[in-house]
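The values are calculated or read from the model by the stated rules, or taken from the named source; none is laboratory data. Predicted, not measured: the structure shown is a model, and the values here were computed from it. Cβ: placed from backbone, ideal geometry, glycine included. Neighbour counts: every protein chain shown. SASA here: full protein model, heavy atoms, side chains in, ligands and nucleic acids out. Shrake-Rupley method; radii C 1.70, N 1.55, O 1.52, S 1.80 Å.
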Amino acid sequence: MKKLVLVAILFSNLCLAQQAATVDFAPHLKQVQVQRLSAPDGSAELLAELAKISSFSARYQQQVFDEQQQLLQQGQGRLLLKKVAQFRFEGEEPEPVLLVSNGDNLWFYNELLEQVSIYDAKAQVGQTAFALLTTTDPLLWQQYQVIARPDVFLIHPIDSNNPVQQLTLAFDKNGISEMTVIDINQQQSVFRFTDARLNPEIADSQFRFTVPDGVDVDDQRQR
């Protein structure tokens, strides 16, 4: 659980395993997902949407699918975002996990395993989907191809080795309504956001983490 690829794909393997079943969870995104490199550049439109978000809070429901769209796993929790590069992804079910960044450090805490891994947040911003949502840096976004559709954006990294192979974002009046991530293994994680609040006041303390006593620490910043 300490490999960064698990952070980049948003902990899909930490969610509750379910009996496989064919699920059409996000049909309105599937048509967009087949559009590829021939489409016009939609970076300007995406950055305009992201510029509206200084902060964001929501509940989420997550479902994970394989290549055949079979339901593998599901979970739920809470998401907080704040510019620049601050986020808090707090998984509540099926088990407590926490991914939190203050823009300098990124912590991945597994409460049940009593383990925390620490990363250099600046070095990982381009490979962590939540961090991408908190920045409008044009130099960073030049590393991605963006296809724009009404209220929906399909994003591919230029680097084929990026653990996030495809990111789809849907927006509404409350900010981000849905996010789909396809990882390097072609697993698809779909996040639907509810109780969303656009630009709420969020204390910076929400984006800091103090390592509890007795917890095993894997500090990747020193490697």
What do you reckon, is residue 168 open to solvent by less than 10 Å² (accessible area, probe 1.4 Å), closer than 18 Å to residue 188 by Cβ and modelled with pLDDT under 85?
no
Which of the residues belonging to the range 81-102 are within 12 Å of residue 207 (Cα to Cα) and open to solvent by less than 10 Å² (accessible area, probe 1.4 Å)?
81, 87, 89, 99, 100, 101
Scanning the range 125-144 for residues that are open to solvent by less than 10 Å² (accessible area, probe 1.4 Å) and either among the acidic types (Asp, Glu) or in a loop (DSSP other than H, G, I, E, B) (or both) gives 128, 133, 134
Filtered residues of the range 145-204 (kept if assigned to a strand (DSSP E or B), of a type in the set (Gly, Ala, Ser) and over 18 Å from the mean Cα position of the chain (by Cα)):
148
Could you look through the range 54-73, keep only residues that are of a type in the set (A, V, I, L, M) and open to solvent by less than 10 Å² (accessible area, probe 1.4 Å), and pick out the one that is nearest to residue 193 (Cα to Cα)?
58
Looking at the range 191-206, is at least one residue under 21 Å from residue 46 (Cα atoms), of a type in the set (A, V, I, L, M) and touching a strand residue (DSSP E or B) at 6+ places or on another chain (Cβ under 9 Å)?
yes
